[in-house]
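**Q** Let me begin by handing over the structure; questions about it come next.
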Amino acid sequence: MNKSLFKVALFFCSLFSGILFAQEPNPVKFKIESKKVSDTEYDIVFNATIEKTWHVYSITQTADGGPNPTVIILNKSADYELVGKLKESTPIQEMDKVFDMQVKYFNNKATFTQRIKVKTDKTFTVTGKYEFQTCTDEKCTFPPAKKFSLTIEQAAPAVEKTAVDTSIETTNIPVKDTVKKEVAAEVKAPVVDTKKTESDPWWMILLKGLGFGLAALITPCVFPMIPMNVSFFLKRNKTRSGAIKEAMFFVLSIIVIYTSLGLFITAVFGETALNTLASGAAFNIFFFLMLLVFGVSFLGAFEIVLPNSWLNKIDSQSDRGGFIGIFFMAAALSIVSFSCTGIFIGSLLPLVSNSPTGPLFGFLGFGAGFAIPFGLFAIVPSLLQSMPKSGGWLNTVKVTLGLLELALALKFASNADLVYQAHILNREVFLTLWIVLFGLTGAYLMGWFKLSHDTEAPFLSIPRLFFAILAFGFTVYMVPGLWGAPLKLLSGVIPPSTYAEWKPQTATVVQSSNQNASSALVSKMVDGPDGLKVFDNDYESALAYAKEVHKPLMIDFTGHACANCRKMEDNVWVEPEIRNILANDLVIVSLFVDDRKELPKAEQKEVDWSGDKVTLETEGMKWGFMQLSKYKMSSQPYYVIINDDESLLSNSGIGYDTGKDLPVFKTWLSNSILKYKEKHH
């Protein structure tokens, strides 16, 4: 569920930028009018004129990790009632490079229509408000909600247009530079998610499923079934076209079966429940246990099979003639192969859970990858001759996958451990277990040991040697991490350096200028990323200390299980120029929005969180609400720099940055510090 590829983040959330907005005056103008459609019904039409390069987003656009949808609300009135839901013209739907997700938006023009039924024969007024987000490829603006009032005279002509120009003013409108967001997450009360909630594009999810489906083919439960099933269709048909037709229906049946499984999962869990579950410790513990069982099974300890009664019942139906019998043959194959495919299905589910339609496209891809080779060999039966024969190599694949499953299971266990701060799987323990597992993988592939069900290999094949080299190379790479090496390739995958027993003393010299030895608050500072001295979940002490040493305070909204936070710290904070600024020119406080430590009863209070009444019960909820309510941002990592009076020293905070745009982050830091010095000198 953690992306391995880094993304570029731009500036986001400029709160006081009337000057900046003046560079792009009036990008969107709304004109509201009424159209009489019958004696008792009118359409209230909102016509948006959008300047070139700007977008306005659909009313159905989800805001989770992406742009805000257009919202239009008509106030209740005794003079009219709403008829149906708000409608819109057809939006463009495509992958957006800024938000890195599928978005629905409008160019040039957009029309939104709400029908009303009139309850009076007199002149009446329709009132309400609307708000929207508008973006270019470089920045976004979030104009405040604007009220409207539209008077409708009953005696007007059949098609009446009472125009109201509600174009956006160019002053006092906050502009927010757009940020690319990753595992960073939308905060949904009362759960705070530090992973990315933006959805992968459907084609990416489909490709993930396709890859898992193809991988499932080279398992002992499936691979021998390919020539058997293909030969069945070829032998039972006198014509080749008949064999191909039945084989294609067999392929389609498998795809339908697995796609139906994806639809079932989506229906049971709902469109967003999977993503919400993925943010919690319980979800990670469940997948740890599931992958642990699958991994041990692949090593040969036991075999996972579905009840024989299921198989017997479906197998009896496969004897029926025609396409019905072929469908049940596909179902029988799916059940028989479950002991091998189950591990891939279980591994696929958490990887597609960050999208409402993830299970649908994920399992569609899985079914296609799993089934298409059966059809391909039926069309070109000569390819069967080039297939490797079944043998001991299949068990080698199974055992190797079992070891890798155990390593993946540890990652889910680590996520839960980080959230609860249990310190069971700290950095050294996690790396030790991974070093052992990948070392064993390399040794097994080299043939240095065998399991009870392995066959004797007369020689070491080139593929086994190649994968053994990769396993040993990865093992050697991880070893220095036991002594504090950063292991940047694994940032966000392994526990952070701060979650370790042994902590390198790397920052004592550069940090000294930031410490006031006479202050009692120094004792409250802890070793943060790369040894930087920071305050941990102690905002009040950090602010007081910043005033003592006359330095601005940088608030680091982060999470224990936030992969992108670790990537930022391991790849950006450690750069010499950046690290020097962080160490000497700022006071840093890290606020963990997923911290489960319970707040004292006196500090627990009920708040309005995105329209819901929520009681702040934990430290994490306290900081998550602070970030959302004060800085209008709910993704992590997110950084703001404030003055002694807690006012922002920059027009906006800044989010995830891969280091590719390192000058942007450095400039943001430098400008904030310069503004602090100007205010205090």
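**Q** I'd like to check something: does segment 548-559 contain any residue that is part of a helix (DSSP H, G or I) and either at positive phi or in contact with an Asp or Glu (Cβ under 9 Å, 6 or more places away or on another chain) (or both)?
**A** No; the residues of segment 548-559 include none that is part of a helix (DSSP H, G or I) and either at positive phi or in contact with an Asp or Glu (Cβ under 9 Å, 6 or more places away or on another chain) (or both).
**Q** In addition: Quick one: in segment 213-242, of everything that is assigned to a helix (DSSP H, G or I) and among the aromatic types (Phe, Trp, Tyr), which residue is surrounded by the most Cβ atoms within 10 Å (Cβ to Cβ)?
**A** Checking each candidate, the answer is 233.
Per-residue answers, yes or no, for (1) under 25 Å from residue 395 (Cβ atoms); (2) modelled with pLDDT of 75 or more; (3) loosely packed, with under 14 Cβ neighbours inside 10 Å:
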position	(1), (2), (3)
300	yes, yes, no
317	no, no, no
321	no, no, yes
333	yes, yes, no
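**Q** Looking only at residues in segment 496-533 that are touching a His at 6+ places or on another chain (Cβ under 9 Å) and either modelled with pLDDT of 85 or more or under 19 Å from residue 589 (Cα atoms) (or both), which one is surrounded by the fewest Cβ atoms within 10 Å (Cβ to Cβ)?
**A** Here the answer is 499.
Matching residues to (1) without any contact (Cβ under 8 Å) to a residue 40 or more places away in the chain; (2) in contact with a Leu (Cβ under 7 Å, 6 or more places away or on another chain):
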position	(1), (2)
68	no, no
72	no, yes
86	yes, no
118	no, no
129	no, no
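**Q** Let me ask you something else. Condition check: more than 24 Å from residue 527 (Cα to Cα) and buried (at least 20 other Cβ atoms within 10 Å of the Cβ). Does residue 665 satisfy that?
**A** Judged against the criteria, residue 665 is not a match.
**Q** Looking only at residues in segment 585-610 that are β-branched (Val, Ile, Thr) and assigned to a strand (DSSP E or B), which one is nearest to residue 421 (Cα to Cα)?
**A** Among them, the one singled out is 589.
**Q** Being farther than 16 Å from residue 538 by Cβ, part of a helix (DSSP H, G or I) and of a type in the set (D, E, K, R) is the filter here; which residues of segment 611-622 pass it?
**A** Correct list: empty.
**Q** Taking the criterion of being outside any loop (DSSP other than H, G, I, E, B) and modelled with pLDDT of 85 or more, would at least one residue in segment 260-277 satisfy it?
**A** Yes, segment 260-277 has at least one match.
**Q** Given the conditions (1) outside any loop (DSSP other than H, G, I, E, B); (2) of a type outside the set (Gly, Ala, Ser); (3) under 23 Å from residue 483 (Cα atoms), which single one is not true for residue 425?
**A** Unmet condition: (1).
**Q** Restricting attention to segment 593-609, which residues are under 19 Å from residue 555 (Cβ atoms) and of a type in the set (Lys, Arg)?
**A** 597 - this is the single residue of segment 593-609 that is under 19 Å from residue 555 (Cβ atoms) and of a type in the set (Lys, Arg).
**Q** With the requirement that a residue be surrounded by fewer than 21 Cβ atoms within 10 Å (Cβ to Cβ) and either modelled with pLDDT under 85 or hydroxyl-bearing (Ser, Thr, Tyr) (or both), what does segment 28-53 give you?
**A** Matches in segment 28-53: 38, 39, 40, 49, 52, 53.
Residue-wise test of (1) aliphatic (A, V, I, L, M); (2) surrounded by 13 or more Cβ atoms within 10 Å (Cβ to Cβ).
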position	(1), (2)
85	no, no
89	no, yes
92	yes, no
107	no, yes
110	yes, yes
113	no, yes
122	no, no
125	no, no
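**Q** Could you tell me whether residue 582 is touching a helix residue (DSSP H, G or I) at 6+ places or on another chain (Cβ under 8 Å) and not in a strand (DSSP E or B)?
**A** For residue 582, the condition - touching a helix residue (DSSP H, G or I) at 6+ places or on another chain (Cβ under 8 Å) and not in a strand (DSSP E or B) - is met.
**Q** Go through (1) surrounded by 15 or more Cβ atoms within 10 Å (Cβ to Cβ); (2) without any contact (Cβ under 8 Å) to a residue 40 or more places away in the chain one by one and return the number of the condition residue 605 breaks.
**A** (1)
**Q** Looking at segment 394-424, which of the residues that are more than 24 Å from residue 348 (Cβ to Cβ) and not hydroxyl-bearing (Ser, Thr, Tyr) is modelled with the highest pLDDT?
**A** Among residues in segment 394-424 that are more than 24 Å from residue 348 (Cβ to Cβ) and not hydroxyl-bearing (Ser, Thr, Tyr), the one modelled with the highest pLDDT is 424.
**Q** Any chance segment 408-425 includes a residue that's touching a helix residue (DSSP H, G or I) at 6+ places or on another chain (Cβ under 6 Å) and assigned by TED's automatic domain parsing to the domain that holds residue 242?
**A** Taking every residue of segment 408-425 in turn, none turns out to be touching a helix residue (DSSP H, G or I) at 6+ places or on another chain (Cβ under 6 Å) and assigned by TED's automatic domain parsing to the domain that holds residue 242.
**Q** Among the residues of segment 42-90, count how many are of a type in the set (A, V, I, L, M) and at positive phi.
**A** 0
**Q** Scanning segment 428-462 for residues that are in a loop (DSSP other than H, G, I, E, B) and polar (S, T, N, Q), which turns out surrounded by the fewest Cβ atoms within 10 Å (Cβ to Cβ)?
**A** Filtering segment 428-462 for residues that are in a loop (DSSP other than H, G, I, E, B) and polar (S, T, N, Q), the one surrounded by the fewest Cβ atoms within 10 Å (Cβ to Cβ) comes out as 452.
**Q** Can I ask one more? Which fully enclosed strands (runs of 3 or more DSSP E) of segment 68-131 have 2 or more residues being of a type in the set (Asp, Glu)?
**A** The strands (runs of 3 or more DSSP E) meeting that bar are 80-88, 92-96.
**Q** Ok, one more. (1) within 21 Å of residue 493 (Cα to Cα); (2) in a helix (DSSP H, G or I); (3) at pLDDT 90 or above: which one isn't true of residue 568, the others all being true?
**A** So residue 568 meets the others, but not (3).
**Q** Identify, please: which residue in segment 40-59 is under 36 Å from the mean Cα position of the chain (by Cα), of a type outside the set (A, V, I, L, M) and in a strand (DSSP E or B) and is, among those, farthest from residue 120 (Cα to Cα)?
**A** Selected residue: 55.
**Q** Scan segment 366-390 and report the pairs whose first residue is on the phi < 0 side of the Ramachandran plot and whose second residue is surrounded by fewer than 23 Cβ atoms within 10 Å (Cβ to Cβ) and among the polar types (S, T, N, Q), with Cβ atoms within less than 6 Å and a gap of 6+ or a chain change.
**A** 367/259; 374/229
**Q** Something else: Criterion first (closer than 13 Å to residue 638 by Cα and either in contact with a Cys (Cβ under 9 Å, 6 or more places away or on another chain) or of a type outside the set (S, T, N, Q) (or both)) does residue 569 satisfy it?
**A** yes
The values are calculated or read from the model by the stated rules, or taken from the named source; none is laboratory data. For clarity, every value in this text was computed on a predicted model and none was experimentally measured. FYI the Cβ positions are ideal-geometry reconstructions off the backbone, even for glycines, and counts take in every protein chain you see.
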